[in-house]
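For reference, the structure is listed below as structure tokens.
The values are calculated or read from the model by the stated rules, or taken from the named source; none is laboratory data. Keep in mind the model is a prediction, meaning the values are calculated, not measured. So basically every Cβ, Gly included, is an ideal-geometry build from the backbone, and we count neighbours across all protein chains shown.
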Amino acid sequence: MPLPHPWRQLRELAHVTLQWHEGGKMGQVDHGTQTVSLRLGLTWEERRCTLLHELLHLDNGPQPFGLKAKEEETVRRQTAREMLPDIWQVGEALAWAHTPMEAAEELGVDLYVLRKRLRHLHPSELHYLERRLAQAE
């Protein structure tokens, strides 16, 4: 299964502008101007994951003040699921990698996204990973 391609998604959204900023959050969105801003100095994996995360925020639209924390968690989970849709690939990377960071790099995501995906597995996915990782020992 090919890697998700947030940069291609961005290119297809002609109304969305990409900017870069120094310091602060890894990414941010301005719904009014339809602008995504990414922090300079991110790794390749961080840029991919953060871009998709911010595009999902744009797609969901502005949220009322009291729902921002819930929206953020929803987008974090959605980012992890979209970046890592194939649990077989996750299992293979975890089976051969020496560290979670190495597995994340192999999967083309940052460590945060891999951990978020692993924290919110469907029971059948968890069962598969437990079996796969037991075989690797």
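Here is a list of conditions, (1) part of a helix (DSSP H, G or I); (2) under 30 Å from residue 30 (Cβ atoms), and residue 124 meets all of them except one; can you say which number that is?
The one condition residue 124 does not meet is (2).
Restricting attention to the stretch 15-35, which residues are part of a loop (DSSP other than H, G, I, E, B) and small (Gly, Ala, Ser)? Even if it seems obvious, please write down each step before you answer.
First, pick out the residues of the stretch 15-35 that are part of a loop (DSSP other than H, G, I, E, B): 15-16, 22-26, 31-34.
Hits for the stretch 15-35 are 23, 24, 32.
Any residue in the stretch 82-99 that's in contact (Cβ under 8 Å) with a residue 12 or more places away in the chain and at negative phi: show its pairings with residues that are assigned to a helix (DSSP H, G or I) and basic (Lys, Arg) at Cβ separation under 7 Å, as long as the two are six or more apart or on different chains.
84/117; 90/117; 91/132; 95/132
Can you tell me which residue among 38, 58, 52 is under 22 Å from residue 8 (Cβ atoms) and outside any helix (DSSP H, G or I)?
Numbers: 58 fails: outside any helix (DSSP H, G or I); 52 fails: outside any helix (DSSP H, G or I).
Matching residue, one of 38, 58, 52: 38.
Do we find a residue being part of a helix (DSSP H, G or I), at pLDDT 95 or above and in contact with a helix residue (DSSP H, G or I) (Cβ under 6 Å, 6 or more places away or on another chain) anywhere in the stretch 67-77?
Yes: one or more hits.
Given the conditions (1) part of a loop (DSSP other than H, G, I, E, B); (2) free of Cβ contacts under 8 Å to residues at least 24 places away in the same chain; (3) within 29 Å of residue 90 (Cβ to Cβ), which single one is not true for residue 4?
Among (1) part of a loop (DSSP other than H, G, I, E, B); (2) free of Cβ contacts under 8 Å to residues at least 24 places away in the same chain; (3) within 29 Å of residue 90 (Cβ to Cβ), the lone unmet condition for residue 4 is (2).
Report, by residue number, each residue of the stretch 103-121 that is assigned to a helix (DSSP H, G or I) and either in contact (Cβ under 8 Å) with a residue 40 or more places away in the chain or not basic (Lys, Arg) (or both). Spell out how you get there, then give the answer.
Within the stretch 103-121, the first condition is being assigned to a helix (DSSP H, G or I), and the residues that meet it are 103-107, 111-119.
Result: 103, 104, 105, 106, 107, 111, 112, 113, 114, 116, 118.
Cβ-Cβ under 6 Å, sequence separation 6+ or interchain: first residue in the stretch 17-41 and within 18 Å of residue 71 (Cα to Cα), partner hydroxyl-bearing (Ser, Thr, Tyr) and not in a strand (DSSP E or B). Which pairs?
26/50; 27/50
Could you figure out which of (1) under 15 Å from the mean Cα position of the chain (by Cα); (2) closer than 19 Å to residue 104 by Cβ isn't true of residue 39?
(1)
Quick check on the stretch 16-32. Is at least one of its residues closer than 28 Å to residue 137 by Cα and surrounded by 13 or more Cβ atoms within 10 Å (Cβ to Cβ)? If you could, list the steps in order and put the result at the bottom.
Step one: filter the stretch 16-32 for residues closer than 28 Å to residue 137 by Cα, giving none.
No, the stretch 16-32 contains no residue that is closer than 28 Å to residue 137 by Cα and surrounded by 13 or more Cβ atoms within 10 Å (Cβ to Cβ).
Criterion first (within 25 Å of residue 11 (Cα to Cα) and touching an Asp or Glu at 6+ places or on another chain (Cβ under 7 Å)) does residue 113 satisfy it? Break it down into steps so the answer makes sense when it comes.
Numbers: within 25 Å of residue 11 (Cα to Cα): yes; touching an Asp or Glu at 6+ places or on another chain (Cβ under 7 Å): no.
So residue 113 fails the test.
Would you check which residues across the stretch 78-102 are assigned to a helix (DSSP H, G or I) and polar (S, T, N, Q) and list them?
Within the stretch 78-102, 78, 79, 89 qualify.
I'd like the full set of residues that are touching a strand residue (DSSP E or B) at 6+ places or on another chain (Cβ under 6 Å), polar (S, T, N, Q) and exposed (fewer than 13 other Cβ atoms within 10 Å of the Cβ), limited to the stretch 33-58.
None; the set is empty.
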